[in-house]
1. Looking only at the range 145-167, how many residues end up being crowded, with 20+ Cβ neighbours inside 10 Å, under 15 Å from C71 (Cα atoms) and within 12 Å of the chain's Cα centre (by Cα)?
2. So, in the range 89-110, of the ones that are over 15 Å from I157 (Cβ atoms) and small (G, A, S), which residue ends up least open to solvent (accessible area, probe 1.4 Å)?
3. Looking at the range 63-82 only, could you name the residues that are at pLDDT 95 or above and more than 14 Å from the chain's Cα centre (by Cα)?
4. Consider only pairs whose beta carbons are under 9 Å apart and that are at least six residues apart or on different chains; among these, list those whose first residue lies in the range 34-55 and is acidic (D, E) and whose second residue is open to solvent by 80 Å² or more (accessible area, probe 1.4 Å) and in a loop (DSSP other than H, G, I, E, B).
5. For the range 40-62, what are the residues that are more than 11 Å from C130 (Cα to Cα) and either among the small types (G, A, S) or within 18 Å of the chain's Cα centre (by Cα) (or both)?
6. Please work out which one of (1) open to solvent by less than 70 Å² (accessible area, probe 1.4 Å); (2) in a helix (DSSP H, G or I); (3) within 30 Å of P165 (Cα to Cα); (4) among the charged types (D, E, K, R) is the condition D8 fails and give its number.
7. Suppose we filter the range 113-129 for residues that are of a type outside the set (G, A, S) and either assigned to a strand (DSSP E or B) or modelled with pLDDT of 90 or more (or both); how many remain?
8. If I filter the range 19-30 for residues that are outside any loop (DSSP other than H, G, I, E, B) and farther than 30 Å from E160 by Cα, do I get at least one hit?
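The values are calculated or read from the model by the stated rules, or taken from the named source; none is laboratory data. Note that the coordinates shown come from a computational prediction; the quantities given were computed from them, not determined experimentally. Cβ sites come from the backbone with ideal geometry, for glycine too, and all protein chains shown count toward neighbours. When the accessible area is computed, the model is the full protein with side chains, heavy atoms only, and any ligands, DNA or RNA have been set aside. Shrake-Rupley method; radii C 1.70, N 1.55, O 1.52, S 1.80 Å.
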Amino acid sequence: MCSFTFFDGLLCLVAVVAALAGLVKLYLCHAGTEIIVPQVESRSRLAVDEQTEDSLTISTVIEFVNEGKQCATIMDALVRPQLPYEQYDGLETRGHAELVTAPREDDYFEAYIIQKKGYKGGLDKASIKCQVKLIARKGMSIKEAVSHMPDFNFQLIWLETGRTPCHYRQVRIEVPAAEVAALAGTKLAED
């Protein structure tokens with residue numbers, strides 16, 4: 001006669017739970033995750049959004065695609081200009097990021113869901129407009145301040161999530177001083 005003890009039942013239950021957990025893990029591996037890819041190489045050229053006597057706002061648009069098997073969400077985005085006063089104190093810089101489809105006057109970024117690869121026959125995408133406002137300091141006009149500025153960078157930082165926990169990512173965009181000077185209608189000084 002075979003006897004089935006409490007310990008045998010517990011071992012059987014543990015084996016069933018472990019097998020189910022393994023099957024779920026295999027399914028989730030097959031289902032995939034989101035893969036958000038910023039298309040930095042094909043971003044738009046820098047353009048002037050607004051120019052006054054003492055400020056210049058420039059922008060570029062970067063498209064993001066989801067090449068993964070699951071939908072993804074860009075929950076937040078911000079632009080961080082990297083032109084500290086120690087490098088050049090003739091300009092103050094401020095950054096702003098917004099969806100091209102949902103422009104905002106405040107600094108709130110409206111979250112956007114990017115569908116999975118192959119959704120409705122193609123890649124879904126989000127277009128983020130990155131703005132940098134340059135404000136002349138020390139009594140200079142914007143043209144004078146820009147004519148003495150160095151090259152600088154800005155970071156586009158975004159918070160993304162999907163099947164993976166939310167996490168920050170970033171890309172760096174180079175801003176050549178000569179290009180900004182041409183946009184402002186001036187030339188770089190020879191200093």
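1. The qualifying residues number 1.
2. G90
3. The one that is at pLDDT 95 or above and more than 14 Å from the chain's Cα centre (by Cα): Q82.
4. E34/E67; E34/K69; E34/K116; E34/R163
5. Listed by number, the residues that qualify are V40, E41, S42, R45, S55.
6. Here D8 clears every test but (3).
7. Within the range 113-129, the subset of a type outside the set (G, A, S) is 113-117, 119-120, 123-125, 128-129.
Next, only the ones that are either assigned to a strand (DSSP E or B) or modelled with pLDDT of 90 or more (or both) stay: 113-114, 125, 128-129.
Looking only at that region, the number is 5.
8. At the first step, the residues of the range 19-30 found to be outside any loop (DSSP other than H, G, I, E, B) are 19-30.
Now narrow it down to the ones that are farther than 30 Å from E160 by Cα: 19.
So far as the range 19-30 goes, yes, one or more of its residues are outside any loop (DSSP other than H, G, I, E, B) and farther than 30 Å from E160 by Cα.
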